[in-house]
Amino acid sequence: MKLKLVILSLFLFTTSLLSAQVKFTAEVSREQIGVNERLRVDFNMNKDGDNFTPPSFTGFKVVGGPNQQVSNSWVNGKSTFSKTYSYYLEPNSKGTKTIGQAQVTIAGTVYKTSPVNVEVGDAVERPQDGNDAAIVPEDNLHFVAEVSKPNPYLNEAVTVTYKLYVSERIGISNFRMLDNPTFPDFWSQTLNMNGYRFEQGTFRGEPYRYAVVYKTLLYPQKTGKLEIDPVAISVSVDVPSQRRSIFGGIIYQTVEKRVTSASREIDVKPLPTQGRPANFTGAVGSFEFSVDPSKTTLDAGESLTASVKVRGRGNLMLFDLPDLTVPSSLEIYEPERKENFSSTLNGTQGSIAEDYTIVPTRKGKYPIPGLNFSYFDPRSETYKTISTNDIVIDVENGPVGALTNSTTAKDNNTVASNKQPVSLSGDQFRYIKLNANLKPLNAPEFFRSWLFWLLLIAPLLIIPLVIMFGKKREARANDITGNRIRKADKLARKYLSEARKNLGQQQEFYIALERAMHNYLKAKLHIQTGEMSKERISETLTEKGVDQATTTQFIEILKSCEFARYTPASMDTMKQDYDKAANVISTLDKQL
């Protein structure tokens, strides 16, 4: 009987010790995943702790978390406690990845989890993971590129609209473009976005909300099948978690979801060769053409302006205007090009003009031949030509020219003229002064004048000033730290001066800010940053001995410049980005 009591006492004592033992473990949702799947890792502890520190997650990108869950329960008079930190990870590449040790302090003792290995294989056709909250929006979030015309003619306007479709079953809190769309086979014009607004619509027959994220106008520059590359967007999605509030409601968590539009193909038709006019220069659209002189009656030596103008809708920036020709007795100067057009979803509309300045030198009547302008109309699929009438310039007063008594021969379309000698009045040199009427200048005596004594004493007065400034200059030269700071601040002001001028104008400010950052690296490291990616810039700065924090801050500023083109920014945000840029340039200059 006593032996049974001893055994029972030992069993209860051992059980109590085991129940009091601290457990801190790391668990993954799966140990084998595809490179395009996501992984959930939970760090569980059975005692409440402090100073939880997650691992670095090398080889993964954190797309969700940390999410914290705490549970307290009483069963048969015994309490059970659990606390979990959850992260959602996305692998960067294939191979064996190791999730390092997390640590926490419980009752003054530091506990660490064991490393966990995850095998990342090839991409799977349809990623699925029931424990991964990032999979929830997989079928409820779509990024679509809509093309206005899949089979246009060469140089015909095509609109591409990128729309984000969101199902009614999920909610989003934010989104941002990850890529800056490029269209190598097109002339492109980004269309202005006045903010983002969600509207009701349908997607694949189901009700969805959608927002237009990006709009661009394209003019294909090649024929055949041209591909529009995919564009990625990052969306912050609110998805339900497994936790409940004290009232029983579902607690939502935010997951970063990367959505990519599908590539689109456009089959560009060549312009027909049949019926193409000889003077066709590539204009495609619907246009009006005119040649308008500012005046047709004037005197010799005066000037007039002849404006060759095209108005309408089409590829206004991609063709040449016909050249204006005048008789040899009229002086004509290189034209001034004027452009006044804007781009919308319906294409580019407005006008382009070339203004010629013409100056007649002789009296007479001078005909300016009319011009022909040809363009291709994609609606009627035909070439059209517009011709203007001849313009006659009547020069009333001036030296008698070769065409004063000119008559036009109607039969052979030639101009006959009576040439007359040029008469000189004899006063053509009246502006030259032959009698200068010069007078001697009585200069005052320099010796013993006040200027003489001032110049004599000035060097003696300057010597103490030179000594004083020399000492200050020497002290300033020996101040190595101060010189570095002053040099860095001077560089920051130099490169950021243009951005500072454009504070308050979002697009101009961020373009100038991005240019300043690139120009600084170009001048400092002698590299062409315009041809380098952000990853290459980061590697170059690291190779030059720049610390990781400064490099990361530099790259973040470049990303802010890109994102600000598509998202609105306040004046305070622009000032903060300007200050960050000035600080990072100063820090970089000290380290380099």
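Each value in this text was obtained by applying a stated rule to the coordinates, not by laboratory testing. Keep in mind the model is a prediction, meaning the values are calculated, not measured. Cβ atoms come from the backbone with ideal geometry, glycine included; neighbour counts cover every protein chain shown.
Numbers at a glance
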| item | result |
| --- | --- |
| Derived scalar couplings ³J(HN,Hα) [the stretch 578-591; Karplus, 6.51 cos²θ - 1.76 cosθ + 1.60; whole Hz; x for Gly, Pro] | 5, 4, 4, 5, 4, 5, 6, 5, 4, 5, 4, 5, 5, 6 |
| Karplus (6.51, -1.76, 1.60) ³J(HN,Hα), θ = phi - 60°, over the stretch 547-560, in Hz, Gly and Pro reported as x | 5, 5, 5, 5, 4, 4, 5, 4, 5, 4, 5, 4, 5, 4 |
| Magnitude of the charge dipole, the stretch 136-268, Cβ model with Lys/Arg +1 and Asp/Glu -1, debye to 20 | 380 debye |
| Extension gain, Val124 back to Lys590 (0.36 nm per residue minus Cα-Cα distance, nm) | 163.0 nm |
| Extended-chain gain in nm, criterion 0.36 nm per residue less alpha-carbon gap, Asp185 and Glu334 | 50.4 nm |
| Under 5 Å, built H, 5+ apart or other chain: amide partners of Ile172 | Asp238 |
| Flagged links, alpha-carbon separation over 20 Å, of Lys23/Lys78; Lys61/Lys524; Lys149/Lys215 | Lys61/Lys524 |
| Nearest-20 debye value, the stretch 285-416 charge dipole, Cβ charges on Lys, Arg, Asp, Glu | 240 debye |
| Estimated distance in nm for a label pair at Gln101 and Arg313, the labels positioned 7 Å out from Cα along Cα-to-Cβ | 7.0 nm |
